[in-house]
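Visitor: Could you have a look at this structure, given as structure tokens, before my questions?
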Amino acid sequence: MSNQVLFVGAGYANLSVLKNWKKNTPKDTEWTLISPSRYKYFPEMTGLYMEDQYSLEDIRVDLAEFCHRNGGRFLEEKVTAVDRDRKTVLTESGKSLSYDLLSAGMGLRQETGTVPGVRDHALFLNPHEEIPMTAASMQYTEYPVVAGGGAFGVEFALSLQAWRRANRKKTPVTLITSGPVLPEENKDVRDNVRDLLDERGLLLYENMPVERIDADVIYAGSRVLPYGQVLWLDGAKPPLIFDYADLPVDDKGYLLLSSTLQTVGSPDIFGSGAGTVLQEEVNTSKDSITAFQEAKVLEENLDRMLRGKTKLKTFKPPKKESLVLNMGHRTGFYRRGSKTYISRQAWREKKKLDKYIMKEIRS
Ligand SMILES: Cc1cc2nc3c(=O)[nH]c(=O)nc-3n(C[C@H](O)[C@H](O)[C@H](O)COP(=O)(O)OP(=O)(O)OC[C@H]3O[C@@H](n4cnc5c(N)ncnc54)[C@H](O)[C@@H]3O)c2cc1C
């Protein structure tokens, strides 16, 4: 009987492995990719999508077609439970699938938190299938507010403002954040970004946690801000399923992996991407580039396991963390290690990175 490999979640590493599956892996295996949506979106391309530089088809992959082309099966389902002893997973509609090896690449889920009104009134980018609707709602409303001043909040707000200016929308984008803007960056970088936000006409409210959202106003500190649509960018959390399945997780719920990308204590369950953490390297950033680097080790180790080998390859996280963002109007933000710049060149780097992502998954 064939070995069954289940890929749960269309995370970057899983897709990158599957793209090469036919040419590299033993013949007597069958694989299934399970994901709740037929389309996998690339959230890092949302900014340039909003600026009309990318089409909808540029920022997503049709998973049914992808699986067919690469010799596997696609199941449009959400996995709700993993039984490690019986080596089966259960889906939302009640299907049970058994596996010899499982590879979890499920990204992060959205939590709406405890701020009253967020669940009822805010828009989200997670699950990523929300991206086109959320982007359109934010483009066409008056008084759009982005709540969350981290890297992706700043990228979204600036890209949105660029589109709105080009399309003569009258009201500016408001960016509101509970701490300083870009809290991970140093003071000089933050000052430069503040200047850019100001130059582009955005309204910025820092150190102002949102306390409540009503149908048309946001309460934050002493302010009452009117809004047409509000995008909530806080509350990305690892999937609950790891904890439910009694798999080892850290104190925040991230799946604990050994350096071979196997779940600690469950060698037949591999993990990758933003919902996981390396036991020995807890500070490794889990961006999409790291996920692609994990893919090379994941691919090799799945193959070795299927061939009955016991010695597996280890994953060494990149030494320098990097971040590349679209800042609107052909300007980008680039950081690698301690080197940061905001420029046209950084924007070209951003486009290069997107091209790399598309190539890694599509070609
Ligand atoms: C606006 C925005 C901009 C961003 N920009 C950048 C950037 O510039 N650079 C960067 O590195 N990162 C960026 N990110 C973060 C980036 O999106 C994540 O780091 C990345 O998507 C994580 O990839 P992943 O491989 O872990 O999984 P994902 O790409 O999130 O994929 C996970 C998949 O698993 C599926 N899944 C989830 N739960 C289940 C389940 N129960 N059963 C089956 N399938 C399931 C999901 O549907 C999804 O298809 C950005 C995010 C946002 C929102």
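The values are calculated or read from the model by the stated rules, or taken from the named source; none is laboratory data. From a predicted model like this one, the values you see are computed outputs, not experimental measurements. For neighbour counting, all protein chains shown are included, and Cβ atoms are generated from backbone atoms with ideal geometry for every residue, glycine included.
Visitor: Among the residues of region 23-45 satisfying the criterion of being hydrophobic (A, V, I, L, M, F, W, C) and not in a loop (DSSP other than H, G, I, E, B), which is farthest from the ligand (Cβ to nearest atom)?
Guide: Initial filter on region 23-45 (hydrophobic (A, V, I, L, M, F, W, C)): 31, 33-34, 42, 45.
Filter once more, so that each one left must be not in a loop (DSSP other than H, G, I, E, B): 31, 33-34, 45.
Values: 31: 14, 33: 9, 34: 5, 45: 8 Å.
That would be 31.
Visitor: Considering only region 280-332, state which residues are in a helix (DSSP H, G or I) and within 22 Å of the chain's Cα centre (by Cα).
Guide: Start the filter on region 280-332 by keeping residues that are in a helix (DSSP H, G or I), which leaves 288-306.
Once the filter is applied, which keeps residues that are in a helix (DSSP H, G or I) and within 22 Å of the chain's Cα centre (by Cα), region 280-332 yields 288, 289, 290, 291, 292, 293, 294, 295, 296, 297, 298, 299.
Visitor: On to the next question. Could you say which residue among 288, 259, 322, 272 is farther than 24 Å from residue 149 by Cα, within 16 Å of the ligand (Cβ to nearest atom) and surrounded by 13 or more Cβ atoms within 10 Å (Cβ to Cβ)? Break it down into steps so the answer makes sense when it comes.
Guide: Values: 288 fails: farther than 24 Å from residue 149 by Cα; 259 fails: within 16 Å of the ligand (Cβ to nearest atom); 322 fails: farther than 24 Å from residue 149 by Cα.
The match here is 272.
Visitor: Residue 267 is checked against (1) part of a strand (DSSP E or B); (2) in the same structural domain as residue 29 (by TED's automatic domain parsing); (3) buried (at least 19 other Cβ atoms within 10 Å of the Cβ) and fails just one. What number does that condition carry?
Guide: It fails just one condition, (3).
Per-residue answers, yes or no, for (1) free of Cβ contacts under 8 Å to residues at least 24 places away in the same chain; (2) surrounded by fewer than 22 Cβ atoms within 10 Å (Cβ to Cβ); (3) basic (Lys, Arg):
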{"residue": "114", "(1), (2), (3)": "yes, yes, no"}
{"residue": "117", "(1), (2), (3)": "no, yes, no"}
{"residue": "129", "(1), (2), (3)": "no, yes, no"}
{"residue": "153", "(1), (2), (3)": "no, yes, no"}
{"residue": "162", "(1), (2), (3)": "no, no, no"}
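Visitor: Let me ask you something else. Could you please find all residues in region 7-22 being of a type outside the set (Gly, Ala, Ser) and near the ligand (Cβ under 10 Å from one of its atoms)?
Guide: Restricting attention to region 7-22, the residues satisfying the condition of being of a type outside the set (Gly, Ala, Ser) are 7-8, 12, 14-15, 17-22.
Hits for region 7-22 are 7, 8, 12, 14, 15.
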